[in-house]
Amino acid sequence: MAGYDPQRIEAKWQRIWEERDAFGAVDQDPARQKYYALEMLPYPSGTLHMGHMRNYTIGDAVARYKRMCGYNVLHPIGWDAFGLPAENAAIKRGVPPREWTNANIAQMKTVCKRFGFSYDWQREISTCEPEYYRWNQWFFLRMLERDLAYRKLSRVNWCPQCQTVLANEQVIDGFCWQHDTTPVESKEIEQWFLRITQYADALLEGIQELAGGWPERVLIMQQNWIGKSRGARVEFAVADVSVPPLEVFTTRIDTIYGVSAVLLSPAHPSVPQLLAGVPGSGSLQKQLQAMQQRSVKMEELATAEKVGFFTGRFARNPFSGERVPIWVANFVLAEYGTGAVMAVPAHDQRDYEFATKYGLPVKIVIQPSSGAPLRKDRMTEAYVEYGRLVDSGPYTGLASDQAVERMAADAAAKGFGRAETTYRLKDWGISRQRYWGTPIPVVYCRDHGVVGVGDDQLPVRLPENVTLTGQGKSPLANVKEFLQTTCPNCGGPAERETDTMDTFIDSSWYFYRYTDPRNDRAPFDKATAAYWFQIDQYIGGVEHAILHLIYARFFCKVMNELGLVDHREPIQRLFSQGMVLKDGVKMSKSKGNIVGAIEMADKYGCDTGRMYTLFAAPPEKDLEWSEQGIEGSSRFLNRVFRLVERHAERLRPVALDWSSQTDFARATAKEKILVRKTHQTLKRVTNDFEARWHFNTSIALIMELVNELTAQEPLDREVAPAVLKRVLSALVLMLSPMTPHIAEEMWEILGNPGTISAGGRTPGSGMAVWPPYREDLTQEEQVEIIIQINGRVRGKILVDSSLGEDETKDLAVSDSRIAPLVGGKQITKVISVPKKLVNIVLK
RNA sequence: GCGGAAGUGGCGGAAUUGGCAGACGCGCCAGCCUUAGGAGCUGGUGGCCGCAAGGCCGUAGGGGUUCGAGUCCCUUCUUCCGCACCA
């Protein structure tokens, strides 16, 4: 009896798996069905934390389960290696970003191997390598050719002291992360954008295809993110001065007779013209500047107090002819709609608050279809529902939905408006004024303007040996050898683009690269990718529900148009896992509550850690880390190991034969109990893997099976060795996707042939298969029926499971404990749920 | 602010389809074993009342639908996540 020694066992089996290349995926394997299991690639921050560990443990359990079910499984890993933290490390400590990144990758790779995750390491990729990022550039050039990439002015966070652009993360409560007394300003610069909005409808339609495979909440979030809304544009002519009419976008044209102002975004192009020549214009300009310099962050913008000022100008409501004041308001977004809205205080809450603050009139033009009519003197908030129009000229009396259509049509006919669909989705700004990212492959030529670099010039390499200061212009602008180049068109002098790409580009297509990671002629081979795609199961944190996943879907649609892939959605099934918490808050460096994965593996063994992360909570929910909880998992694995060791010697020579299942007619009572429990467990654990993914209940069920085995000791009496061998082998196989090392060891101790994990690129080398359950062996002979009176439990009876419904009801009513309670009262009805319950309803 | 979730014993959680609330584990209590125990084994463990049999209460709060509600509906509250330059 050696006892359970996780460190020894885990090293042993990891070595054997590696020697046998057990997890290699086979391209185009004709013998097996493919299964592509993928976890979101990590940013190599240095420590593999519990969030990663949880993600990979879930994915690994699924990959291993699918292999046991006979699939050719692709289960790769890579590194999302570009990004801000490497650059910050360089600024703070002078370590070159590549060095810092690669050291982190090496460290995290060691931890991944220590946990026995069944990756195909031959397909490992790192996005900061030119072999990878050249294809980012290639995709960019394809988009440039198709006018899907373009330049426009856009706002960035600007630190006047650093003289540099800041990421949102570097803006802390409106101040620069380096200078907490310097307020961050907003500044407009020319940047590159991708026309994701052109695919807004395609992305919406794709949601239909994803329904069922993706979590409902993620699809709803994406749908709201795209935010399609049908509305109308209406032109308000400007009075007294010659300024082009102000176009407002509204989804509620039916409320237009209630307009009390036109509100413009501080960035609206007509604002300067409107302010010119207005008395007191100087003070207004100052207010405008203050608004324009506010943070770029949406949540700060949205919670900021609503402020505005009257421009001194008026516009004309094209429907009523009324003169309405033109205001500038901070809550009107330049990027959405037309950057101008009509304020209808009575029927829009934001407008109501704005009007209350600044004393604008509130005019009711919609009355509820039912209930008490609105009264201005009793109003405490806007009435935003549809209703019936009042005080609306010729439209008075119409219902809102009719009015919306008719008024938009009339506006079009009269030439001052039209129905229009808008989206909340904005084009994807991909320019970053930073070093550690993919160089954008364009040059600026004096004669030819913006010119894309030729494919034969790729990759445009990121220069090494660059000193990063975190100050001034984009780091690449200071590298002469990089900056100065020639124009691909004319050969004349030209300058390279010095912005790099958003790292979301890297992660938008990386999963295709895994199918063909060393290809130097194309991002990937079409046929190979076609074999592996779509991704059967993608697993990652819910924080990526919107951005990463919508960008990835967008890329797929572009790739489809480029003829690289035939599908339009890359991911068939998505699973969003919960976070790992410590003491109720997210584990993070800033909180100082990180539990490192490697420390835990050293203390308990990785199988214990894997088991605990699966057991402590269902995977989609947040997981509270508990040191005591993990002790319980350790204890359980020790208990199972001792149980198997105790009986292994006797069972070793017995052949494992699934086909000769137990015949209940000749089975002992103990055998019946154990075989039933085993098949019930198999059935439910299989269901957990196939449908529910509630590994916490799978483990609870396996614990129950172990408890039952312990309760039936001594197991060398009244249990045939062949039966016990099947039971224990099934137990070990059920554990193996979750705790693979201890399972392999127990499989070997039991004298079973081969290994549980084998195959990979050398299939047919004795891999164990997931044992099927037999329905007839899960059935109990007797069932307990709950007897209720008026829905309250009053008794229980044990009946033959074959007993009919009516007989069961009769037995229940005449039961010795029930009869006295029923006696003399009138039975209204008796409700019966077969094999579960009888409810007697008394008057 | 907008969008998305969640709320069940001392704790993590279970209840898969509207049908015994608290599976499984942690912790705690008692006993056994042991030279010893932060090891192992056995049993107990939602609250209140009761010697017991048993009864009543109980799934964030309030209301509703139903023979029956943790589960469905309405409403209030609290917490967490995302919001486009962190990844």
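Summary of computed values
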| quantity | calculated |
| --- | --- |
| Residues listed by number, region A:156-190, amide nitrogen under 12 Å from A:THR303 label point at 7 Å toward C-beta | A:173-174 |
| About the Cα centre, charge dipole magnitude for region A:229-422 (Lys/Arg +1, Asp/Glu -1 at Cβ), debye | 300 debye |
| Acute angle (nearest 10 degrees) that the helix A:349-358 long axis makes with the longest principal axis of chain A, alpha-carbon atoms | 40 degrees |
| Inter-part distance where region A:767-800 and region A:9-55 are each reduced to a Cα centre, Å | 39 Å |
| Gap separating the Cα centres of region A:383-423 and region A:110-156, nearest whole Å | 48 Å |
| Cut-off 10 Å between beta-carbons: net charge of the residues surrounding A:VAL165, Lys and Arg +1, Asp and Glu -1 | +3 |
| Acute angle (nearest 10 degrees) that the helix A:200-210 long axis makes with the longest principal axis of chain A, alpha-carbon atoms | 10 degrees |
| Farthest toward positive dipole pole in region A:719-843 [+1 Lys/Arg, -1 Asp/Glu at C-beta], among A:PRO771, A:SER816, A:GLN782 | A:SER816 |
| Cβ crowding within 10 Å averaged over residues, with A:728-737, A:356-365, A:216-225, A:538-547 ranked highest first | A:728-737, A:538-547, A:356-365, A:216-225 |
| Estimated distance in nm for a label pair at A:ASP520 and A:LYS228, the labels positioned 7 Å out from Cα along Cα-to-Cβ | 4.6 nm |
| Among beta bridges that DSSP assigns inside chain A, antiparallel share in %, nearest 5 | 75 percent |
| Packing-based order for A:462-475, A:147-160, using average beta carbon neighbours within 10 Å, highest first | A:147-160, A:462-475 |
| Cα-based shape type of chain A, given that a ≥ b ≥ c are square roots of the gyration tensor eigenvalues and the cut on a/c is 1.5 | oblate |
| Å² per residue, accessible surface of region A:493-564 at 1.4 Å | 29 Å² |
| Distance histogram for region A:534-672 (every C-alpha pair counted, 5 angstrom bins, percent rounded to whole numbers) | 2, 8, 10, 12, 11, 9, 10, 11, 10, 8, 5, 3, 1, 0 |
| Built amide H within the under 5 Å cut-off of A:MET579, gap 5+ | A:ASP622, A:LEU623 |
| Cα gyration tensor, region A:9-155 - rounded (a/c under 1.5), prolate or oblate | oblate |
| Three principal axis lengths of region A:363-410 [C-alpha, angstrom, descending] | 34, 18, 15 |
| Structure-based [θ]222 nm, chain A - -39500 (n - 2.57) summed over DSSP H runs of at least 4, per residue, nearest 500 | -10500 deg cm²/dmol |
| Gain on full stretching of the segment that runs from A:ASP180 to A:ILE16 - 0.36 nm per residue minus C-alpha separation | 53.6 nm |
| Nitroxide proxy distance, nm - points 7 Å out along Cα→Cβ at A:MET379 and A:ALA202 | 4.5 nm |
| Protection proxy ranking, peptides A:231-243, A:77-89, average beta carbon neighbours within 10 Å, highest first | A:77-89, A:231-243 |
| Per residue accessible area of region A:726-809, 1.4 Å probe, in Å² | 41 Å² |
| Percent accessible area from carbon and sulfur atoms, region A:229-422, protein chains only, probe 1.4 Å | 52 percent |
| Inverse of mean 1/r across different Cα pairs in region A:229-422, Kirkwood, Å | 17.1 Å |
| Surface share of carbon and sulfur [accessible, 1.4 angstrom probe, percent] for region A:46-148 | 53 percent |
| Probe 1.4 Å, protein heavy atoms only - accessible area per residue of region A:97-154 in square angstrom | 36 Å² |
| Approximate spin-label separation A:VAL769-A:ARG418, in nm, with each point projected 7 Å along Cα-to-Cβ | 6.4 nm |
| Tilt relative to chain A, helix A:216-226 - C-alpha long axis, 0 to 90 degrees, to 10 | 10 degrees |
| Residues listed by number, region A:20-42, amide nitrogen under 20 Å from A:ASP566 label point at 7 Å toward C-beta | A:27-36 |
| Summed side-chain charge close to A:GLU188 - residues other than A:GLU188 whose Cβ falls under 14 Å, Lys, Arg +1, Asp, Glu -1 | +2 |
| Share of carbon and sulfur in the accessible heavy-atom surface of region A:782-842 [1.4 Å probe, %] | 51 percent |
| Gain on full stretching of the segment that runs from A:ASN168 to A:ARG406 - 0.36 nm per residue minus C-alpha separation | 81.3 nm |
| Cα gyration tensor category, rounded, prolate or oblate, for region A:100-178 with a/c compared to 1.5 | oblate |
| Beta bridges by DSSP in region A:229-422, antiparallel share as percent, to the nearest 5 | 90 percent |
| Length released on extending from A:ALA276 to A:SER370, taking residue separation times 0.36 nm less the Cα-Cα span | 29.0 nm |
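The values are calculated or read from the model by the stated rules, or taken from the named source; none is laboratory data. Please read these numbers as outputs of a predicted model, since none were measured by experiment. Virtual Cβ from ideal backbone geometry, glycine too; neighbours counted across all protein chains shown. Calculation scope for accessible area: heavy atoms of the full protein, side chains included, ligands and nucleic acids excluded. Shrake-Rupley method; radii C 1.70, N 1.55, O 1.52, S 1.80 Å.
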